[in-house]
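Okay, so here's the structure we're looking at.
The values are calculated or read from the model by the stated rules, or taken from the named source; none is laboratory data. No experiment lies behind these values; they were computed from the predicted model shown. No Cβ is skipped: glycine too gets one built from the backbone with ideal geometry, and neighbour counts run over all protein chains shown. Accessible surface is based on the protein model in full, side chains and every heavy atom, while ligands, DNA and RNA are left aside. Shrake-Rupley method; radii C 1.70, N 1.55, O 1.52, S 1.80 Å.
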Amino acid sequence: PTGRSRELRAELPDLSGLQRRAARFVHGGTLLTSETTLASAGIADGAQIQVVFDGGGADVILGGCKRGAAMMWNGETGERLMTFQGHRAVVTAVAFSPDGSRVATGSLDFTARVWDVETGKSMCALREHRHGLLVVTFSPDSETVLTGSIDATAKLWNVHSGECLKTLTGHRETISSASFSKDGATILTGSPDSTAKIWSVESGECLLTLEGHTGPVPIAVWSPDCSQVLTGSSDSTARTWTAATGAHLRTLAGHREGVHSASFSSDGQMILTGSKDATAKIWSAESGECLRSLSAHSAEVLCASFSPDGSRVLTGSADATAKIWSSSTGECLHTLQGHPVHIYRASFSPDGQRVLTVSADSTAKVWDTETGKCVLRLEEGQQVMAV
């Protein structure tokens, strides 16, 4: 009981590849910081301590809220573990670092912040954007933060000093999506200016501009091996491109209205799109053929994602429901009902056993994927804006 939690972390065995740095300890609903002694936390010999893994497991949920805070909850109990308070406007984007030691938040107050997960303290504020932020994410090595803003720029920042390393300029409108490639060498951005762009992290130069859509491109994502790019547009289509050359490969045409979401399955063999036309569609990534159309929602599909193993699909809709579908048959397996208004975020847990939904009703809910029942409700009296 005289040791500190950081010393306890060093004693953890290797657990299925999970990193020790990402381990957090919870006792009696309280998150123990690295400097907390076990004795001061009232932990006696033989006591049980819960171990959760940030950024890599199903046990921690990170959300940004309307009143300028981000919160971290225990995904099993709903217990609030930490509040990251300091923004002056809505928190629109949140991210764990891959090593689990930090959290990044982006806000409409024109800033991003990097936080220490254990203490909840702000490590640095990133202040050079001229408008609100919609995207924040970490590089694969956890050393750099990428932000995307309404000011039409993306920026790279040092997580330790908060120094702006590069500003990516070239889009004519908002940066609506931004992500690092798997090796951290390039960045992909999407924008309402009808283009996506690939950038060099080292130089900050635009390497390729992906042009061809006739409407805004709110979504641009890498394939799992980063050899291809997938874009979704309000022109009712999705497109695939070769990442190395920017060559257009296929146009996925079949939706009657704009595409709100687009993603690859984890093996890269399938593509999923969700649309304003109230349907989601599963496509062959190789041929571009539509394999299945998922059409049980009564209003636009705002978000859609594959389960980690690709066997199921999750959709969230403006009809206030989320649905779980079989990828192989297109059958609707469960309808998740309980939110009174639209669901604009929905995702599977990393193990595929639970689903998280976020709604305009100011709550987030956790559901069991086998039964379709709500097992947890997160409610803080302020609208959850991002997870």
If you go through the stretch 165-185 one residue at a time, how many are within 21 Å of L126 (Cβ to Cβ) and open to solvent by less than 50 Å² (accessible area, probe 1.4 Å)?
11
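Yes or no, residue by residue, for (1) within 20 Å of H131 (Cα to Cα); (2) outside any loop (DSSP other than H, G, I, E, B); (3) of a type in the set (G, A, S); (4) out of contact with any Pro (no Cβ under 8 Å at 6 or more places or on another chain):
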| site | (1), (2), (3), (4) |
| --- | --- |
| L165 | yes, yes, no, yes |
| H171 | yes, no, no, yes |
| I175 | yes, no, no, yes |
| D183 | no, no, no, no |
| I187 | no, yes, no, yes |
| P192 | yes, no, no, no |
| I198 | no, yes, no, yes |
| L207 | no, yes, no, yes |
Output the residue which, of all residues in the stretch 227-244 that are open to solvent by less than 40 Å² (accessible area, probe 1.4 Å) and in a loop (DSSP other than H, G, I, E, B), is nearest to A285 (Cα to Cα).
A243
Any hit, the stretch 145-152, residues being more than 21 Å from the chain's Cα centre (by Cα), surrounded by 16 or more Cβ atoms within 10 Å (Cβ to Cβ) and closer than 24 Å to C124 by Cα:
yes
Go through the stretch 353-362 and count every residue that is farther than 20 Å from V301 by Cβ and touching a Lys or Arg at 6+ places or on another chain (Cβ under 9 Å).
1
With the checklist (1) part of a loop (DSSP other than H, G, I, E, B); (2) touching a Ser or Thr at 6+ places or on another chain (Cβ under 8 Å) in hand, flag the one item G106 doesn't pass.
(1)
Cross-chain or 6+ apart pairs with Cβ under 8 Å, the stretch 120-149 first and touching a residue at least 60 places away in the same chain (Cβ under 8 Å), then of a type in the set (S, T, Y):
none
Screening V114, V91 for residues that are open to solvent by less than 20 Å² (accessible area, probe 1.4 Å) and under 21 Å from R345 (Cβ atoms) leaves only V91
Kindly establish whether A125 is surrounded by 20 or more Cβ atoms within 10 Å (Cβ to Cβ) and in a strand (DSSP E or B).
no
Of the residues in the stretch 308-331, those that are open to solvent by 10 Å² or more (accessible area, probe 1.4 Å) and among the aliphatic types (A, V, I, L, M) number 2
Taking the residues in the stretch 338-362 that are assigned to a strand (DSSP E or B) and among the polar types (S, T, N, Q) as candidates, determine which candidate is farthest from I61 (Cα to Cα).
S359
Look at T214 and say whether it is in contact (Cβ under 8 Å) with a residue 24 or more places away in the chain, open to solvent by 40 Å² or more (accessible area, probe 1.4 Å) and in contact with a Ser or Thr (Cβ under 8 Å, 6 or more places away or on another chain).
no
Would you say H260 is over 22 Å from S227 (Cβ atoms), in contact (Cβ under 8 Å) with a residue 24 or more places away in the chain and open to solvent by 50 Å² or more (accessible area, probe 1.4 Å)?
yes
